[in-house]
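Since the structure comes first, as structure tokens, the remarks are kept for the end.
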Amino acid sequence: MDRFWGLLAPSEHEVLTSTGVERDYPSGAVICHEGEVTRHVLVVRRGLLRVTATTANGSEKVLAVRGAGDIVGERSAVDGRPRSATVRALGEVRALVLSADAFAALCQRHPRIAWSVLIVVVARQRDTDRQRMQISGTATQRVAAVLIDMALERGIADQGAIALSQEELAGIAGTSRESLVRVLRALREEGIISTGRRKIDIHRVSRLYDFTN
């Protein structure tokens, strides 16, 4: 799926840029807290944002990692409800920030912007549905499926790097750190991935599909 920014024409880029304000966030900065009522919308221009939510037992679960071109906070801007997740900067981040009212006005005046938001929302709902289906799978199946999703999201056809820590990967895949370590070891032994500090290099995305069956 193309990211929100990539779905728009240069004219819409100009409209968004002239309406919003670019802000820089230091590493670790919290853009919004789960449960708070704020309605600004962000379009990531550079860097990565980690999206987390609190589970029923009080632990933190990583829901997604958003990168350059992604839109964040669109749901609260539309329905005015409290934030469903906490968003934190992974490294230095630059984002275009728009108020909910300004963003709503743009969507009403520019149908292509509204349609692009809808495409993103539908795609993310499909991802959520797929993740729910993966919950019943083995740790290997869930980790492989997450790596495939992340690779596709970042436009990696068969080889490339993903900036993601093992803790974050375990959270998204819904598995323990111990199980994740075993899965990553098996994938490394197969020559499918290699791992570094806050980075996973995927050497053969096509081979990951064999582990999702």
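The values are calculated or read from the model by the stated rules, or taken from the named source; none is laboratory data. Since the model is a prediction, treat every value here as computed from it, not as a measurement. FYI the Cβ positions are ideal-geometry reconstructions off the backbone, even for glycines, and counts take in every protein chain you see. Heavy atoms of the whole protein, side chains included, go into the accessibility calculation; ligands, DNA and RNA do not. Shrake-Rupley method; radii C 1.70, N 1.55, O 1.52, S 1.80 Å.
Just the residues that are hydroxyl-bearing (Ser, Thr, Tyr), open to solvent by 30 Å² or more (accessible area, probe 1.4 Å) and at pLDDT 75 or above, please, taken from segment 114-149.
Hits for segment 114-149 are Thr138, Thr140.
Against the condition at pLDDT below 85, open to solvent by less than 20 Å² (accessible area, probe 1.4 Å) and on the phi < 0 side of the Ramachandran plot, how does Ala100 come out, does it pass?
No; evaluated as a whole, the condition is false for this residue.
Collect the residues in segment 9-31 that are out of contact with any helix residue (DSSP H, G or I) (no Cβ under 8 Å at 6 or more places or on another chain) and open to solvent by less than 30 Å² (accessible area, probe 1.4 Å), keeping them in residue-number order. Give the steps one after another, and end with the answer.
Filtering segment 9-31 for residues out of contact with any helix residue (DSSP H, G or I) (no Cβ under 8 Å at 6 or more places or on another chain) gives 10-11, 14, 17-18, 21-31.
If the condition is that a residue be out of contact with any helix residue (DSSP H, G or I) (no Cβ under 8 Å at 6 or more places or on another chain) and open to solvent by less than 30 Å² (accessible area, probe 1.4 Å), then Tyr25, Ala29, Ile31 are the ones that fit.
So is Ala105 surrounded by 13 or more Cβ atoms within 10 Å (Cβ to Cβ) and without any contact (Cβ under 8 Å) to a residue 24 or more places away in the chain or not?
Yes; evaluated as a whole, the condition is true for this residue.
Just to verify a result, which residue in segment 37-96, among those that are over 10 Å from the mean Cα position of the chain (by Cα) and among the acidic types (Asp, Glu), is most open to solvent (accessible area, probe 1.4 Å)?
That would be Glu92.
Residue under question is Gly6, and the condition is that it be modelled with pLDDT of 90 or more and open to solvent by less than 50 Å² (accessible area, probe 1.4 Å); does it hold?
Here the answer is no, as Gly6 does not meet what is asked.
For segment 9-60, give me each residue that is among the hydroxyl-bearing types (Ser, Thr, Tyr) and free of Cβ contacts under 8 Å to residues at least 40 places away in the same chain. Step through it out loud before you land on a result.
Applying the first criterion (among the hydroxyl-bearing types (Ser, Thr, Tyr)) to segment 9-60 yields 11, 17-19, 25, 27, 38, 52, 54-55, 59.
Across segment 9-60, the qualifying residues are Ser11, Ser18, Thr54, Thr55, Ser59.
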